[in-house]
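First the structure, in the form of structure tokens, and then the observations on it.
A short reminder: the numbers here are calculations on the coordinates, not readings from a lab. Small disclaimer: the values here were computed from a predicted structure and weren't measured. Positions of Cβ are backbone-derived with ideal geometry, glycine not excepted, and every protein chain shown enters the neighbour counts.
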Amino acid sequence: MTAVFFDIDGTLICTAGAGQDAMASAVAQCFGVPADRAGVTFAGRTDRSIVLDLFALHDIPSTEQNIATFVRRFVELLPEHLQAKQGRVLPGVSTWLQRLGARDDLYLGLITGNLHRTAHLKLEHYGISSYFHNGAGLRGGFGDDHVERDDVARMAMVQLRGLRANIVASEQVWVVGDTTRDIQCARAIGARVIAVATGGHDRSTLAAARPDVLVDDLTQATECLDEWLQ
């Protein structure tokens, strides 16, 4: 049994900045500040950590009540921002998901900084959410409660082993992502990594973090796909 965890933004899809715009708009509308995100890094981070930075930028107290207020508005705004942008599913992704999703002996999950609800909205908008669903919602780890991506990865592994106890060896677990933080969180759970240069970090930056496989996009990683499907 092989498990494959995917990051979302920059790995599966490009939203053309819809999520960032929705976050900035939510902060502005909820707290009466400019829709400014200057200096805030988004790539590879959890939404919770990004929100804390946005609050700090605008001197908004980072209380749980304020975070909850922001999250409600962010979730409300995201669909219209997705609709307004010319985003896309990234190269090779549809083929990968179709081939992997057709197999019962493979586990597909997510390790993403997105909130659970916004992950669903993004994947549903681009027509690929069904590959990651179980009866209770999307499978994997999300950025609702954790600041660090490593903790998100650990949460995904706890869920995986609860559902598929026969997956225990690290060599059976892969993470596919587009930033050095994806590589780092994969190492935190002993997983192997496919890094794709389709999003937050360029090829040379990814190479310095020493992933197991480095490709320009998923159309170039067919050897891994063929190996899993043997």
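Name the long-range amide H neighbours of T2: under 5 Å, sequence gap of 5 or more, or other chain; modelled H, no Pro or chain starts.
Y107
Treat each spin label as a single point 7 Å out from the Cα along the C-beta direction, and report the D217 to Q83 distance in nm.
2.7
To make sure I understand, if each residue's beta carbon is the centre and we count other beta carbons within 10 Å, what order do V176, V215 fall in, fewest to most?
V215, V176
For the chain, what is the calculated [θ] at 222 nm in deg cm²/dmol (nearest 500), taking -39500 (n - 2.57) for each run of four or more DSSP H residues and dividing by its residue count?
That calculation yields -13500 deg cm²/dmol at 222 nm.
For the chain, give the magnitude of the charge dipole about the Cα centre (Cβ charges: +1 Lys/Arg, -1 Asp/Glu; no others), in debye to the nearest 20.
Computed charge dipole of the chain: roughly 240 debye.
What list of ³J(HN,Hα) couplings, whole Hz, do you get for region 206-212 from phi and the Karplus terms 6.51, -1.76, 1.60, once you set θ to phi - 60° and write x for glycine and proline?
So the J values, rounded to whole Hz, are 5, 4, 5, 8, 6, x, 6.
When DSSP assigns beta bridges and you keep just the ones with both residues in the chain, what percent turn out antiparallel, to the nearest 5?
For the chain, the DSSP antiparallel bridge percentage is about 15.
Quick one: compute the contact order of the chain, relative version, from alpha carbon pairs under 8 angstrom and 6+ residues apart, as a percent.
With pairs under 8 Å counted, the relative contact order is 26 percent.
So who's got an amide H within less than 5 Å of the one on I111, skipping anything under 5 residues away but keeping other chains? H placed 1.01 Å off N, in plane.
Amide H neighbours of I111, under 5 Å, 5+ apart: F6, D7, G141.
(i) 29, 18, 17; (ii) 45, 21, 14; (iii) 52, 28, 14: which one is semi-axes √(5λ) of the Cα gyration tensor in Å as calculated from this entry?
(i)
Debye calculation, C-alpha points only, no solvent: report log10 I(q)/I(0) for region 18-84 at q = 0.14 Å⁻¹, in the same order as the q values.
Normalising to I(0) and taking log10 leaves -0.34.
Roughly how large, in nm² to one decimal, is the mean projection of the convex hull of the alpha-carbon atoms in region 26-143?
Computing the convex hull of the Cα atoms and averaging its projections yields 8.4 nm².
Quick one: which residues, 5+ away or cross-chain, put their amide H under 5 Å from the amide H of D144? H built at 1.01 Å from N.
Those qualifying (amide H under 5 Å, at least 5 residues apart or on another chain) are H116.
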